[in-house]
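Data first, discussion second: the structure below is written as structure tokens.
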Amino acid sequence: MSDVAILTNGQLNKRILSVLIFTFFCYLSVGLPLAVLPGFVHSQLGFSSFVAGLIISLQYFATLLSRPQSGRLADRLGPKRVVMLGTLCCGMSGVLTIFAALCRDWPLLSLLLLAIGRLFLGVGESFSSTGSTLWGMNIVGPMQTARVISWNGVATYLAMAIGAPLGVMLNQGMGISGFAGLVALMGVTGYVLASRKPAVDVSQGQRIPFHRVFSRVWLFGLALGFGTIGFGVISTFITLYFASRDWSGAAFALSLFSLGFVLFRLLFSRAITRFGGLKVAMCSFLLECAGLLIIWQAESSLLVDLGALLTGCGFSLVFPALGVEAVRQVERQDQGSALGVYSAFLDLGLGLTGPVAGLLIGYWGMQSVYLAAALMVLGAFAMTLRLMQRGMAPRFQD
């Protein structure tokens, strides 16, 4: 019996949290600039709103493109090295943002430095989050995969929730260099902390080609991408939705979404181990769909609040539920690659939500995006049902 098998819940959580601190640092670095950089690019550098939005989007594209590579490197070099590299990339984004602030009198140069910094942050995000998740999975064993992925999500959304308002506060007090300095400091601190932790052994078994990893995981990822659209339309358009109806309280609806997400993760993440990831994912999609339909037909802000809460509860377990099943489709030595491919579909879903939903709003109005999102989530339910009917059981037993 391994030492992991006899650990208490508290000891398991302590091991997991010891590496998920790097996920927290990563997504705090992602959250800090979100509410500040668009205004800096548009108001201080004098570029259009489109350019300001493009600067933010560069990070997401860099994350999307580097996700699969981050997993592949974690399988070969070990998650510790990938996390160290990711923290350095995040820290470098802070340094480049500081230089961009110093060069504001040369707008094109400042914009170029910001763009390079956003690319570094995108790569840092994929390396840090994928590496720390795989690191956690390795130090507590495959039976605790759902717990690791669930705690990783809590760390992610907690950091994002803290990061945006903290970035505004630091910007008001010290300018762009305020939050950028914190990003750089966290990069250095994360690197030092990761370097002092013991590495885990890299599995030495025969690795399968990347295209075979992709072929085993892609349908799980596609279901995740479709299910992510509900989160995307709420986080991106709920403020505009409230404004179109002359309601106040959009921020409260977002808070209820986050509250439902975190509480559901904390209370029900063990259901994945008990009932299986596919069953939990199907129930989650139905709950998320119900929330989106309530928002679509809401005649009062209270109903929107209820819909946002239900959507957050439904979306909460989607990533870990499908993620557990996705990584089981490959041997341990290829799980980093599987996790990277799977996670990339979340980035793709979020990246496409904005422009596609914007087109829908132009043709059919603001409410249409919530109906469309509900239909996409039903599509994710159908994919998951198909996976269950095909008997997508684990391909290995560790």
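Tell me, what is the percent relative contact order of the chain, built from C-alpha pairs under 8 Å that lie six or more residues apart?
On the way: 704 pairs, mean separation 91.5, N = 398.
Once normalised by length, the contact order is 23 percent.
Given 10 Å bins starting at zero, what is the percent of C-alpha pairs of the stretch 114-244 in each, up to the one with the largest pair distance?
9, 26, 36, 22, 6, 1
Ignoring ligands, DNA and RNA, what percent of the accessible area of the stretch 212-319 is carbon or sulfur (1.4 Å)?
Numbers: 3140 of 4550 Å².
Of the solvent-accessible surface of the stretch 212-319, carbon and sulfur hold 69 percent.
Does the stretch 98-154 come out rounded, prolate or oblate, given a ≥ b ≥ c as the square roots of the eigenvalues of its C-alpha gyration tensor, rounded meaning a/c under 1.5 and, failing that, prolate meaning a/b above b/c?
Working: a/c = 5.55, a/b = 4.48, b/c = 1.24.
Prolate.
Rounding to the nearest 20 debye, state how big the charge dipole of the stretch 49-144 is about its Cα centre with +1 on each Lys and Arg Cβ and -1 on each Asp and Glu Cβ. List each step's numbers first, then the result.
Numbers: 7 positive and 3 negative charges, 44 e Å.
Computed about the Cα centre, the dipole is about 220 debye.
Would you be so kind as to identify which of Met388, Ile295, Ala62 lies farthest towards the positive end of the dipole of the chain, taking Lys and Arg as +1 and Asp and Glu as -1 on Cβ and the Cα centre as origin?
Met388
To the nearest 20 debye, what charge dipole does the chain have about its Cα centre, counting +1 at the Cβ of each Lys and Arg and -1 at the Cβ of each Asp and Glu? Please report the intermediate quantities before stating the final value.
Values: 25 positive and 14 negative charges, 219 e Å.
Rounded to the nearest 20 debye, it is 1040 debye.
Using Cα-only point scatterers and the Debye equation, what is log10 of I(q)/I(0) for the stretch 53-145 at each q in 0.18 Å⁻¹, rounded to two decimals?
-0.75
Are there DSSP H segments in the chain that both extend 20 Å or more along their axis (alpha-carbon positions) and score a mean Kyte-Doolittle hydropathy of at least -1.0? List them, or say none. The partial results should precede the final answer.
On the way: long enough: 9-31 (30 Å, 0.88); 49-77 (41 Å, 0.53); 79-102 (35 Å, 1.42); 107-140 (49 Å, 1.16); 145-174 (41 Å, 0.84); 176-195 (29 Å, 1.67); 210-244 (47 Å, 1.25); 250-268 (27 Å, 2.10); 277-297 (30 Å, 1.53); 301-316 (22 Å, 1.46); 335-364 (42 Å, 1.02); 368-389 (32 Å, 1.53).
Those that clear 20 Å and a mean of -1.0 are 9-31, 49-77, 79-102, 107-140, 145-174, 176-195, 210-244, 250-268, 277-297, 301-316, 335-364, 368-389.
Specify, per residue and in Å³, the volume enclosed by the convex hull of the alpha carbon atoms belonging to the stretch 246-398. If you can, show how the numbers build up before the last one.
Values: hull volume 17.8 nm³, N = 153.
In the stretch 246-398, the Cα hull volume divided by residue count equals 117 Å³.
Using a 1.4 Å probe on the protein chains only, how many percent of the accessible area of the stretch 9-112 belongs to carbon and sulfur? Could you put the intermediate results ahead of the total?
Working: 3150 of 4500 Å².
After summing per-atom areas, the C and S share lands at 70 percent.
Find the Cα radius of gyration of the stretch 41-195, compare it with 2.2 N^0.38 Å by division, and give the number to two decimals.
Details: Rg = 16.5 Å, N = 155, 2.2 N^0.38 = 15.0 Å.
Output field value: 1.11.
On average, how much accessible surface per residue is there in the stretch 70-189, in Å², for a 1.4 Å probe, leaving out ligands, DNA and RNA?
On the way: 4420 Å² over 120 residues.
It amounts to 37 Å² per residue over the stretch 70-189.
Identify, among Phe120, Leu360, Gly221, the residue whose Cα sits farthest towards the positive end of the charge dipole of the chain, taking +1 on the Cβ of Lys and Arg and -1 on the Cβ of Asp and Glu, with the dipole about the Cα centre.
Towards the positive end, the residue furthest out is Gly221.
Give, to the nearest whole percent, the P(r) tail of the chain beyond 32 angstrom, counting all Cα pairs.
Values: 26032 of 79003 pairs.
Of all Cα-Cα pairs in the chain, 33 percent lie more than 32 Å apart.
Among Ser301, Ser316, Ser284, which one shows the biggest mean-square fluctuation in a GNM of the chain, springs joining Cα atoms closer than 10 Å?
Ser301
Can you give the longest stretch of the chain with no exposed loop site, where a site means trypsin sites (Lys or Arg not before Pro) in a DSSP loop (not H, G, I, E or B) with at most 11 other C-beta atoms within 10 Å? Show your work: numbers first, answer last.
Details: sites that count: Arg196, Arg390, Arg395.
My reading of the result: 1-195 is the longest stretch.
Given the stretch 265-317 reduced to its alpha-carbon atoms as identical point scatterers, what log10 I(q)/I(0) does the Debye formula return at q = 0.19, 0.22 Å⁻¹?
Taken in order of the listed q values, log10 I(q)/I(0) reads -0.60, -0.73.
How fast does the stretch 293-361 diffuse by Stokes-Einstein, in µm²/s, taking the Kirkwood radius from C-alpha pairs at 25 °C and 0.890 mPa s? Please report the intermediate quantities before stating the final value.
Numbers: Rh = 14.5 Å.
Diffusion coefficient, whole number: 169 µm²/s.
The values are calculated or read from the model by the stated rules, or taken from the named source; none is laboratory data. None of the values given here were measured: they were computed from a predicted structure. Positions of Cβ are backbone-derived with ideal geometry, glycine not excepted, and every protein chain shown enters the neighbour counts. Side chains are part of the model used for accessible areas, which takes the heavy atoms of the whole protein and leaves out ligands, DNA and RNA. Shrake-Rupley method; radii C 1.70, N 1.55, O 1.52, S 1.80 Å.
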